[in-house]
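As structure tokens, the structure follows; a few thoughts come after it.
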Number of protein chains: 2
Amino acid sequence: MKRPNIVILGAGYGGMITTVRLQKMLGANEANVTLVNKHNYHYQTTWLHENAAGTLHHDKTRMKISDVVDTNKINFVQDTVLSINSDEKKVKLENGDLEYDYLVVGLGFEAATFGISGLKENAFTISNINSARMIREHIEYNFAKYNNEKEERQDRLNIVVGGAGFTGIEFVGELANRVPELCEEYDIPREKVRIMNVEASPSVLPGFDEELVEYAMNLLEGKGVEFKTGTMIKEVHEDKILVEKDEQQEEIPTNTVVWAAGVRGNSIVEEAGFETARGRVKVSDTLLAPGHDDVFIVGDCALIMNEENDRPYPPTAQIAMQEAENVAHNLKVLVRGGSDLEPFEPHLKGTVASLGEGQAIGVVGDKKLFGWTASVMKKVIDNRYLFMLGGVGLLLKKGKFNIFTK
Amino acid sequence: MKRPNIVILGAGYGGMITTVRLQKMLGANEANVTLVNKHNYHYQTTWLHENAAGTLHHDKTRMKISDVVDTNKINFVQDTVLSINSDEKKVKLENGDLEYDYLVVGLGFEAATFGISGLKENAFTISNINSARMIREHIEYNFAKYNNEKEERQDRLNIVVGGAGFTGIEFVGELANRVPELCEEYDIPREKVRIMNVEASPSVLPGFDEELVEYAMNLLEGKGVEFKTGTMIKEVHEDKILVEKDEQQEEIPTNTVVWAAGVRGNSIVEEAGFETARGRVKVSDTLLAPGHDDVFIVGDCALIMNEENDRPYPPTAQIAMQEAENVAHNLKVLVRGGSDLEPFEPHLKGTVASLGEGQAIGVVGDKKLFGWTASVMKKVIDNRYLFMLGGVGLLLKKGKFNIFTK
């Protein structure tokens, strides 16, 4: 009997958890499991903003796939996915093709730029290890240049973050901690540096508890972050942006625009012909792509509606991991000849947003969390993931244990 | 009786040693001593190449002037010198004028670019704290960008150092240590990075002992440095340079050209009307500017001929300090109404060039030094200066004690 080929694309939260669960649940002769990823490492997307700000080294955020996955049981292929052909059940990689019987697509997000002029060309995004450490270096480089020029160029010291969702808020929180260090390193007065958060909605963290939002804004403003809510970014140039509020336009000189205002699914899923909405595949209740019984979609590429409010669930790490658990279970059923798939049901356990060192806000169950307590909870969540992924060994290696600072 | 104004321009090796010696030798009522410097810190020019390579933090290299100079006895003015008017005995600063009875000019060097096309615009120089840390950041930034681009751009990974004199050789030595760290930080294979040293003379360290030069070249080549001797830099562009050897031209893609092939005196001394040769003031045997009895020149702005070989003494820290001792002594004589000035006599004690961590070459007296021994000697020399300048306190604070590594 031929063993089915299970191919998992992408080693993000979804792909990794699917892989390690299958590794545990399936016997060696039940299936060939192949994990494909561009790099030989997995990273925690939810920590990248710290790498980008320069408050946490990216090596803390990433881990070798071979340190977590048993490569005797799982085939790991380091390659870039170019396209998916679901008719022929093939995946085209940069260096070859792969055939699958079951496919799990966990290819992650892309920035959604909403057609804003110059955004794609001139703004940074916190997308992966490479882009995060480049943001860190870009900011440092501009600070380093500042005192080497005759003319004082304010665009070097203005940092604009587009979007006051989770990533945007967490990023400015880290920046507010990092900037004083950079000022000392490059002999720049702190008051010359501006950290600006531009958000089109009337408030930051739209949808979040109001009391927590106020706490976050007060705290961040106290650390020197300026909020420009109800403000649209109209144009992004190399050394300035144009924003608009109440039909008033303002030009802000800046070399550093970090776009954290919108994500969509990887465009490979769209190009593969899967039916998408808002750049994501509107999956079935068992996370299958519409019209397919062999293609599962997990993580940022999957769109799942929350029937309670008729809005999609936000594409979080938490949900990606729950999806992966579900997909792994259903793959086990299918491999063993069953057909009774378990529908996916998200369990929202809570959300915590960090606001820089020792500070956070969050909701866990019905409970609102502030300040230090919330920051400890954030670390507990981060550590729990490491434990889920790689057990005690990985937790000890990469965990965040210093609850008093970082 | 009016106390004479002694004004010292520049807090480099010459200016600092002149200042601390006068502070010690003169009574509080004998003279007003004013030190003028652009920054509130002094730095060791001879360590800047380490800051530029990123192997030593620039805060190790600099020290607050107020930590070394007693500002109750010495007026310290943080300002930029614009011009010297020796007829009116005035110095024009950015924020005011200063009158002097005696002037000590220690304004340091400028890069000599020999009219090479594009050099001034596109090459870096290891001139001061600001420019050194910018080189460090520039290199890091290019490495950070490398993996963020579709096309592999070799110009980001090629580093060209112009000149194989002391600074050029010491700098490539540090780079050879730093590059492997950068490769690890940014996931770049070491073999893709090229460190090139381009020297117009047929050999590196012209004038230095041949056996030592061979030792240095072998060592540095072993660490991956490529030497291009007998090679002229013809043009420097933003992303490439044009070099020529034996009438053959070669284009090298590079974003990073560090020019360490020539220095001249600060152009303020030329503009002040002092008679200069090779951009330096050809001082009298008591270090006075020609035709002046109240303007002393120390350090890189002073040209002193070595009568033994009819060539100028190289403008080293060692000689600058000896000059400063001499000038301080003669100022004491003048302030006290004497006229019997002591002529300056350089004492060349030896030279040691570092080749990166734990490695150096040098000549001290008649003795040739290699490897570890030379590197220890280099640290002894560095530490001796700190002791001369600020006693045991400064030595303990800024000294290089780890003789086994840095």
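The values are calculated or read from the model by the stated rules, or taken from the named source; none is laboratory data. Computed from a predicted structure; not experimentally measured. FYI the Cβ positions are ideal-geometry reconstructions off the backbone, even for glycines, and counts take in every protein chain you see.
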Every residue from region B:332-383 that is closer than 30 Å to residue B:284 by Cβ, of a type in the set (Lys, Arg) and modelled with pLDDT of 90 or more: B:332, B:336
Only one of these is modelled with pLDDT of 95 or more, outside any helix (DSSP H, G or I) and more than 14 Å from chain B (Cβ to nearest Cβ): A:176, A:164. Name it. A:164
Which residues, taken from region B:274-321, are under 19 Å from the mean Cα position of the chain (by Cα) and not aliphatic (A, V, I, L, M)? B:278, B:279, B:280, B:299, B:300, B:301, B:312, B:313, B:314, B:315, B:316, B:318
Just to be sure I understand, how many residues within region A:236-262 are out of contact with any Pro (no Cβ under 8 Å at 6 or more places or on another chain), surrounded by fewer than 19 Cβ atoms within 10 Å (Cβ to Cβ) and within 20 Å of residue A:152 (Cα to Cα)? 5
Within the set of pairs 6+ apart or on separate chains, which have a first residue in region B:112-136 that is in contact (Cβ under 8 Å) with a residue 60 or more places away in the chain and of a type in the set (D, E, K, R), a second that is surrounded by fewer than 21 Cβ atoms within 10 Å (Cβ to Cβ) and part of a helix (DSSP H, G or I), and C-beta atoms under 6 Å apart? none
Quick one: is residue B:72 free of Cβ contacts under 8 Å to residues at least 24 places away in the same chain, out of contact with any Leu (no Cβ under 8 Å at 6 or more places or on another chain) and in the same structural domain as residue B:325 (by TED's automatic domain parsing)? no
Among strands (runs of 3 or more DSSP E) entirely within region A:66-107, at least 3 residues that are farther than 12 Å from residue A:10 by Cα occur in A:81-85, A:90-93, A:96-99
Are any of the residues in region B:189-196 in a strand (DSSP E or B), in the same structural domain as residue B:225 (by TED's automatic domain parsing) and under 19 Å from the mean Cα position of the chain (by Cα)? no
Residue that is farthest from the other protein chains (Cβ to nearest Cβ), among those in region A:95-134 that are hydroxyl-bearing (Ser, Thr, Tyr) and over 25 Å from residue A:57 (Cα atoms): A:102
Just give me the residues in region A:373-392 being over 20 Å from the mean Cα position of the chain (by Cα) and either of a type in the set (D, E, K, R) or over 22 Å from residue A:61 (Cα atoms) (or both), in sequence order. A:373
The conditions are (1) touching an Asp or Glu at 6+ places or on another chain (Cβ under 6 Å); (2) within 12 Å of chain A (Cβ to nearest Cβ), and residue B:187 fails exactly one of them. Which is it? (1)
How about region B:140-156: which of its residues are touching a Ser or Thr at 6+ places or on another chain (Cβ under 9 Å) and more than 10 Å from chain A (Cβ to nearest Cβ)? B:154, B:155, B:156
Being touching a residue at least 12 places away in the same chain (Cβ under 8 Å), touching a strand residue (DSSP E or B) at 6+ places or on another chain (Cβ under 8 Å), of a type outside the set (Val, Ile, Thr) and not assigned by TED's automatic domain parsing to the domain that holds residue B:304: is that true of residue B:239 here? yes
Search result, residues across region B:1-30 that are buried (at least 24 other Cβ atoms within 10 Å of the Cβ) and without any contact (Cβ under 8 Å) to a residue 12 or more places away in the chain: none
Residue tally, condition surrounded by fewer than 21 Cβ atoms within 10 Å (Cβ to Cβ), at pLDDT 95 or above, among the small types (Gly, Ala, Ser) and not in a strand (DSSP E or B), over region B:108-126: 1
Which of the numbered conditions does residue A:358 fail, given that it passes all the others? Conditions: (1) assigned by TED's automatic domain parsing to the domain that holds residue A:296; (2) in contact (Cβ under 8 Å) with a residue 40 or more places away in the chain. (1)
Just wondering, is there one or more residues in region B:227-241 that are farther than 23 Å from residue B:362 by Cα, of a type in the set (Gly, Ala, Ser) and more than 14 Å from chain A (Cβ to nearest Cβ)? yes
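Residues checked against (1) in contact with a Ser or Thr (Cβ under 8 Å, 6 or more places away or on another chain); (2) of a type outside the set (Ser, Thr, Tyr); (3) not in a loop (DSSP other than H, G, I, E, B):
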| residue | (1), (2), (3) |
| --- | --- |
| B:252 | no, yes, yes |
| B:257 | no, yes, yes |
| B:268 | yes, yes, yes |
| B:274 | yes, yes, no |
| B:293 | no, yes, no |
| B:308 | no, yes, no |
| B:314 | no, yes, no |
| B:321 | no, yes, yes |
State whether the residues of region B:254-270 include one that is in the same structural domain as residue B:172 (by TED's automatic domain parsing), over 27 Å from residue B:128 (Cβ atoms) and in contact with an Asp or Glu (Cβ under 6 Å, 6 or more places away or on another chain). no
